[in-house]
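The values are calculated or read from the model by the stated rules, or taken from the named source; none is laboratory data. Treat the numbers as computed from the prediction; the structure is a model and nothing was measured. So basically every Cβ, Gly included, is an ideal-geometry build from the backbone, and we count neighbours across all protein chains shown. In case anyone asks, the SASA skips ligands and DNA or RNA and just uses the protein heavy atoms, side chains included. Shrake-Rupley method; radii C 1.70, N 1.55, O 1.52, S 1.80 Å.
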Amino acid sequence: QAILVQAVLAEGSCSLGRKPYSSLHASCAMLRVILAGCGAVVAAQCSATSCRDGNDESSLLQTKSAVSHNAGATRHMLAMDMQLNQQRQPSLVERIAAAPSATERLELLKPLAWAHIPKAGDSFANVLLGFSELWGACSAPDALLESNGRQECDIIFSEATKQCPGTMTSPFLDPSVGLFCGHPMLGATYAQTQGHLVAMFRQPEQRILSSYYDVKEDGLVAGGWVSPVPPSSASDYAVAAQGCVTKMLTRAETAGGLTGVDPCAPPAVSAEEAVLARDRVLQDFAFVGILEEWDLSICLFHVKFGGSCLESDFANLHAGPNASKASSYDTSVLEGFVDESDGAVYNAAKFVFRSDLTRYGLSSAACAQLCPSPSAAQQAGQTALMQLKVQDDKARQEKPRS
């Protein structure tokens, strides 16, 4: 009975999605077999008087008969499940993972679609622009971004993809809303982009705080905040901004917010959207990186799809006032708030990330040899830029209001 309870709980997690994640498919199938076998035994034991008297001879005979009858059914279910598993065509993500070389994996990945999550790695644009293997024999982009300006970014990628067709695809349905570098509502183009998607993910409360300081300090109106009055506290903002990544991964359009193109805008996330977003990360992203482990993520990207690490891969285009690899935002200002739906998405992203590191035999030590970190000079320059931004932010805060 204890085995049955555990199997029921685990089977519930298997059935949450539209289909099991490939590495879990066999275990989910076996759970169904366990349920069938154990269910018959427990049902027989708990029929009529057997639950009151487990030593009753007729009850034992009933149990024996039920187990004997169910053995054939169990074997039949197992054979059917194995047959279905053999008939199931591998997804594009599974084919990419199974490809024997980085060159073959990259060809399957094309046309690449960048799912740019808000406050989760503007700098990945330069990783893609500098990735000469992606652009192949055609004319690769001859410019990198020096800031996180979306218009400049879209222009560079648009020109590059015109010269190199088939390399990248826009995840935006409406070109007037965005092309390559904004924050798309993936539900609108998901049928075309699934399996071709790459993205960096960020710990949800850190992502929310990064957005909050932009809204509060730079006067931006975005990230789910729909009032023209700035948020009075980080916790108030967090409540409005929660579920942003879940919304972006599942919805085909946005209610808008004040900007009209805010993927984080209301309404709130539904239970179905939370499950769908998690499943899409598990099943349909060709590459998943983790912002908090940027160096390791860049190493994984190049090992998986080819090319060498460049210094530009590590440059931060949009360093916040508290941005560094060694520190993070103080979450105590959120007063205990936790973004549940985006937390589930982030956990799924970490699972895919760790699975890929294991698949390709990568670790921090291995990547230190394969993909060295930026030079000391670049790190010093990055630190100086961050200090200047902090000083500028402080000066703005101290400026008397008229």
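Scanning the stretch 338-350 for residues that are outside any helix (DSSP H, G or I) and open to solvent by 40 Å² or more (accessible area, probe 1.4 Å) yields one hit, V338. Per the listing S297, S308, the residue uniquely over 28 Å from W225 (Cα atoms), open to solvent by 40 Å² or more (accessible area, probe 1.4 Å) and either in contact with a Pro (Cβ under 7 Å, 6 or more places away or on another chain) or at pLDDT 90 or above (or both) is S308.
Of all residues in the stretch 312-364, those that are at pLDDT below 95, under 15 Å from C299 (Cα atoms) and not hydroxyl-bearing (S, T, Y) total 3.
If only residues of the stretch 248-264 that are more than 11 Å from I117 (Cα to Cα), surrounded by 18 or more Cβ atoms within 10 Å (Cβ to Cβ) and not hydroxyl-bearing (S, T, Y) are counted, the one that is modelled with the highest pLDDT is R251.
Taking the condition of being open to solvent by less than 20 Å² (accessible area, probe 1.4 Å) and not hydrophobic (A, V, I, L, M, F, W, C), how many residues in the stretch 265-294 meet it? Talk me through it step by step, then tell me what you get.
Within the stretch 265-294, the first condition is being open to solvent by less than 20 Å² (accessible area, probe 1.4 Å), and the residues that meet it are 265, 277, 279, 281, 283-290.
Now narrow it down to the ones that are not hydrophobic (A, V, I, L, M, F, W, C): 279, 283-284, 289.
The qualifying residues number 4.
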